[in-house]
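Data block below; observations after.
The values are calculated or read from the model by the stated rules, or taken from the named source; none is laboratory data. From a predicted model like this one, the values you see are computed outputs, not experimental measurements. Cβ: placed from backbone, ideal geometry, glycine included. Neighbour counts: every protein chain shown. Side chains included, ligands, DNA and RNA excluded: accessible areas come from the protein's heavy atoms. Shrake-Rupley method; radii C 1.70, N 1.55, O 1.52, S 1.80 Å.
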Amino acid sequence: MERGLRVVACLCLIPVLTSRPLAAQEKTNRLVLTLEQCEELALSGNPNIQDAELGIAVAEAREHQAATAKYLPRFELRNLWGPSQKAEGIVDPVTGFVTSPDTSFAGSDLRYFTQLDIDLVQPLFTFGRLSSLADAARFGVDAEEARLDAERNTVRFQVRQLYWSLVLGEELLALIRDADAELTKAETQVEEKLDAGSDEVTQDDLFKLQIFRYDVNKRLRDAEDKLALAAAALRAALGIADDVVIEPAVDFLDPLDIAVDSFDVYWQEAQRSRPELARLQAGVQASAALLRVERSNYYPQLFLGGQIKYNFAKDRFDPRNPFLYNPTNYFRPGLALGVNMNLNFWQTRASVRVAEANYQQVAQKVDQANEGLRLEVQKSYLALRQAQSNLEDSRRAARAGDNWLRSATMTFDIGVGEVKDLIDAFRANSAIQAEHLQNIFSFNVAAAELSKVIGRDIYPSQ
């Protein structure tokens with residue numbers, strides 16, 4: 001009776017987030033999951049995480065593209081095939097003039113030609129342009145990896161919050177079912193005494209129990225609706241079908257075994273490990289690299305250029321004379337050093353100013369993020385400390401509530417206590433038991449939130 005009645009007023013005090021609704025008990029598919037298994041399911045199927053993983057793949061491809069840009073960024077081949085007219089050549093040994101007996105065009109005189117052109121450019125010295133582009137691409141990969149870590153932390157926190165709510169809701173519902181049975185027992189006991197004409201109870205005592213039952217049933221129905229919605233949210237977060245009932249692998253809501261450190265420890269850890277801050281810092285480094293790219297345009301770009309041209313036309317005369325123009329049957333290799341430089345310094349200066357402004361803007365965001373992060377860490381740390389203190393106090397108060405309820409129950413059972421005193425003991429004890437459960441829930445969730453805020457998991461090994 002004690003376990004059931006002490007939770008009668010719990011639902012009015014605890015904002016239950018999720019549990020298995022009563023209607024779901026009729027379903028046949030059940031899945032018992034630990035917190036770690038829930039996290040793995042959510043992390044494997046979350047669309048935001050999948051999008052972040054694709055972002056990393058894109059960034060890595062850009063990094064590879066930037067890293068290979070310094071090796072033959074221009075290396076092109078072109079090959080042409082086509083018809084050509086037969087043309088024999090006769091060189092006059094005296095004058096050196098070239099003549100040809102082929103003066104008519106006929107289909108039988110057609111032959112073919114092929115032309116092969118190869119162009120290449122190899123940068124030699126670019127004043128840091130290519131290396132800075134590679135640096136910017138590498139920092140882009142770092143930023144996407146930090147984004148993935150941030151998404152994982154967010155999903156992990158959400159799952160933990162829902163999971164502990166599930167454990168809390170399951171425990172409360174079990175207590176409420178027991179409470180319903182104990183209320184029925186008390187009502188039956190009062191009715192039997194009234195029928196027997198006992199002066200230990202009155203009709204008013206029965207009315208008080210019936211009013212108390214209405215309050216319990218109303219709050220239970222309201223809680224079941226909230227639990228059904230929250231359970232659906234948890235299944236959606238885990239990617240589990242609606243016909244599957246999720247059951248937590250733990251039977252009771254217990255506080256995590258966590259040694260809470262000082263604020264300075266968590267603040268230093270947040271500066272090292274917070275993914276959002278790491279992403280901004282990677283953005284600053286990428287902006288600095290792009291600024292160096294724009295500044296390199298003030299200087300010439302030294303390169304090595306090469307070209308190979310080859311043409312072969314069947315049955316066309318090749319004079320093999322460099323002083324005679326010959327559009328067919330030739331081989332012309334070439335190699336040269338070159339310098340490319342943009343002399344529009346006004347436009348270059350404008351581009352540098354834009355890059356400088358972008359760099360300063362991103363750097364300013366890092367400073368602002370540091371200020372906001374400190375407040376966020378402090379808020380989460382104080383919430384954890386408060387939840388820890390409340391938990392210690394409510395544990396002592398819960399023992400006192402149990403003793404009061406036990407005393408009131410024994411007095412009522414021997415026939416010297418009043419129903420009003422028993423109900424008052426029920427309400428007071430259920431309130432403190434509910435508060436104690438809520439404090440356990442708040443402590444576990446606060447630890448999960450602090451883990452997300454600092455970027456390092458402080459949860460004990462599961």
| Looking at (1) more than 19 Å from Leu43 (Cα to Cα); (2) among the hydrophobic types (A, V, I, L, M, F, W, C); (3) touching a Lys or Arg at 6+ places or on another chain (Cβ under 7 Å); (4) modelled with pLDDT under 90, can you tell me which one Val260 breaks? | (4)
| said: Checking the condition open to solvent by less than 60 Å² (accessible area, probe 1.4 Å) and not hydroxyl-bearing (Ser, Thr, Tyr), which residue from Asn439, Asn358 passes? | reply: Asn439
| request: Scan region 386-423 for residues that are farther than 26 Å from Gln210 by Cα and either outside any helix (DSSP H, G or I) or among the charged types (D, E, K, R) (or both) and jot them down. | output: Glu392, Asp393, Arg395, Arg396, Arg399
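Residue-by-condition table, conditions (1) over 20 Å from Phe331 (Cα atoms); (2) among the aliphatic types (A, V, I, L, M); (3) touching a Ser or Thr at 6+ places or on another chain (Cβ under 6 Å):
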| site | (1), (2), (3) |
| --- | --- |
| Gly55 | yes, no, no |
| Ala59 | yes, yes, no |
| Ala87 | no, yes, yes |
| Pro93 | yes, no, no |
| Phe97 | yes, no, no |
| Asp102 | yes, no, no |
| Gln115 | no, no, no |
| Ile118 | no, yes, no |
| remark: Every listed condition ((1) over 21 Å from Ser132 (Cα atoms); (2) at pLDDT 95 or above) holds for Leu373 save (2)
| field | Residue count, region 144-156 (criterion: over 12 Å from Asn48 (Cα atoms) and either open to solvent by 50 Å² or more (accessible area, probe 1.4 Å) or not in a helix (DSSP H, G or I) (or both)) | value | 2
| Search result, residues across region 196-214 that are in a helix (DSSP H, G or I) and loosely packed, with under 15 Cβ neighbours inside 10 Å | Gln203, Asp204, Phe207, Gln210, Ile211, Tyr214
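Residue by residue, here is whether (1) of a type outside the set (A, V, I, L, M); (2) open to solvent by less than 80 Å² (accessible area, probe 1.4 Å) holds:
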{"site": "Asp402", "(1), (2)": "yes, yes"}
{"site": "Lys420", "(1), (2)": "yes, no"}
{"site": "Ala425", "(1), (2)": "no, yes"}
{"site": "Phe443", "(1), (2)": "yes, yes"}
{"site": "Tyr459", "(1), (2)": "yes, yes"}
| remark: Selection from region 427-436 of residues open to solvent by 10 Å² or more (accessible area, probe 1.4 Å) and either aliphatic (A, V, I, L, M) or free of Cβ contacts under 8 Å to residues at least 60 places away in the same chain (or both) yields Ala428, Ala431, Ile432, His436
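To keep it simple, each residue is scored yes or no on (1) assigned to a helix (DSSP H, G or I); (2) surrounded by 14 or more Cβ atoms within 10 Å (Cβ to Cβ); (3) out of contact with any Phe, Trp or Tyr (no Cβ under 7 Å at 6 or more places or on another chain).
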| site | (1), (2), (3) |
| --- | --- |
| Ile240 | no, yes, yes |
| Phe252 | no, no, yes |
| Leu277 | yes, yes, yes |
| Leu290 | yes, yes, yes |
| Phe303 | no, yes, yes |
| Gly306 | no, yes, yes |
| Pro322 | no, no, yes |
| request: Kindly indicate whether any position in region 441-451 is among the charged types (D, E, K, R), in a helix (DSSP H, G or I) and under 21 Å from Gln158 (Cα atoms). | output: yes
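Within region 445-454, identify whether any single residue is in contact with a helix residue (DSSP H, G or I) (Cβ under 8 Å, 6 or more places away or on another chain), open to solvent by 40 Å² or more (accessible area, probe 1.4 Å) and farther than 30 Å from Val293 by Cα, and answer yes or no.
Yes, region 445-454 has at least one match.
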| field | Failed item, numbered, when Gln386 is tested on (1) at pLDDT 95 or above; (2) open to solvent by 90 Å² or more (accessible area, probe 1.4 Å); (3) in contact with a Leu (Cβ under 8 Å, 6 or more places away or on another chain); (4) of a type outside the set (Phe, Trp, Tyr) | value | (3)
| Subset of region 76-100 (residues that are within 17 Å of Thr114 (Cα to Cα), open to solvent by 50 Å² or more (accessible area, probe 1.4 Å) and of a type outside the set (Lys, Arg)) | Glu76, Leu77, Asn79, Leu80, Trp81, Pro83, Gln85
| field | Single condition Val141 does not satisfy, out of (1) in a strand (DSSP E or B); (2) surrounded by 18 or more Cβ atoms within 10 Å (Cβ to Cβ) | value | (1)
| Options Glu40, Glu63: the member that is surrounded by 13 or more Cβ atoms within 10 Å (Cβ to Cβ), more than 30 Å from Phe317 (Cβ to Cβ) and free of Cβ contacts under 8 Å to residues at least 12 places away in the same chain | Glu40
| From the residues in region 361-383 that are among the hydrophobic types (A, V, I, L, M, F, W, C) and either touching a helix residue (DSSP H, G or I) at 6+ places or on another chain (Cβ under 9 Å) or open to solvent by less than 40 Å² (accessible area, probe 1.4 Å) (or both), which one is nearest to Gly283 (Cα to Cα)? | Val362
| Which residue pairs have Cβ atoms under 6 Å apart, sit 6 or more places apart or on different chains, and have a first residue in region 394-408 that is in contact (Cβ under 8 Å) with a residue 12 or more places away in the chain and a second that is among the small types (Gly, Ala, Ser)? | Trp404/Ala425; Leu405/Ala425; Ala408/Ala425
